[in-house]
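A.B. asks: Sharing a structure below in C-alpha cells format, with a few things to ask.
Since every read-out is calculated from the coordinates, none of them should be taken as a lab result. A quick note: this is a predicted structure, and the numbers were derived from the prediction, not measured. Note: ideal-geometry Cβ built from the backbone for every residue, glycine included; neighbour counts use all protein chains shown.
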Amino acid sequence: MSGAQFDMSDVRALQRHLARAVPEMRRQARAVTMRGAMNVKNEWRSNARASSGRHAPAYPSSVGFDLASYGPDIVMATIGPDKGAPQGALGNLLEYGSSKNPPHRDGGRALDAEEPRFEAQMALLAERGLAWW
C-alpha cells in the first residue's frame, strides 16, 4: 500500500466550529426550553381561567414551572400547579377528572399547542449548529 495522504484541514475546521457552536447551542436550547415552559404555563393558566374560573378561581395562579439542568446537555422544565398554593392541590382532579367530573385538560391542551413550536425551534438550533460550511 502506498503512503496515502489525508487532508485533515476540514476535520480541524469542523472541530473549531463545534468548539464554538456547542456552548452557544446549549445556551440557546436552555432559552428555547424556558420560553416553551413560559408559553405552556401562560396558556395553561388561560385555559384554567376559562374552564374552572368559577369553581376554582385561585387555581390558575397556582400554575408555574421550574427549570432544572442535569449536566451541561440536559435541561428539563416541570410545569404545573403548585400543590402548596391556594387551590393548587385541585390540579390532578381538574386536569384528569374523576368518576363524577370530566377532565379539563388545561395543561394537556397547552402542551399540545406548544409542542410543534418547541420542536421547530430545537430543530432550527440543531440545523444552525451543524451548518458550518
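A.B. asks: For the chain, what does the helix formula give at 222 nm: sum of -39500 (n - 2.57) over DSSP H segments with n ≥ 4, over the residue count, nearest 500 deg cm²/dmol?
C.D. replies: Mean residue ellipticity, 222 nm, calculated: -20500 deg cm²/dmol.
A.B. asks: Do any chymotrypsin sites (Phe, Trp or Tyr not before Pro) in the range 8-90 lie in a DSSP loop with no more than 10 other beta carbon atoms within 10 Å, and if so, which? All intermediate terms of the calculation are to be shown ahead of the outcome.
C.D. replies: On the way: sites: Trp44, Phe65, Tyr70; in loops: Tyr70.
Taking the range 8-90 and a limit of 10 other Cβ atoms within 10 Å, the loop chymotrypsin sites (Phe, Trp or Tyr not before Pro) found are Tyr70.
A.B. asks: Here are several values of mean projected area of the Cα convex hull in nm²: (i) 7.3; (ii) 12.5; (iii) 9.8. Which one was derived from the coordinates shown?
C.D. replies: After the calculation, the listed value that fits is (ii).
A.B. asks: Are there trypsin sites (Lys or Arg not before Pro) in the range 1-61 that DSSP puts in a loop and that have at most 12 other Cβ atoms within 10 Å, and which ones? Provide the component values of the computation, followed by the final result.
C.D. replies: Numbers: sites: Arg12, Arg16, Arg20, Arg26, Arg27, Arg30, Arg35, Lys41, Arg45, Arg49, Arg54; in loops: Arg54.
Within the range 1-61, the qualifying trypsin sites (Lys or Arg not before Pro) (loop, at most 12 other Cβ atoms within 10 Å) are Arg54.
A.B. asks: Okay, next question. Give a quick list of trypsin sites (Lys or Arg not before Pro) in the range 56-133 that DSSP marks as loop, anything other than H, G, I, E or B, with at most 10 other Cβ atoms within 10 Å.
C.D. replies: Loop-located and lightly packed - Lys100.
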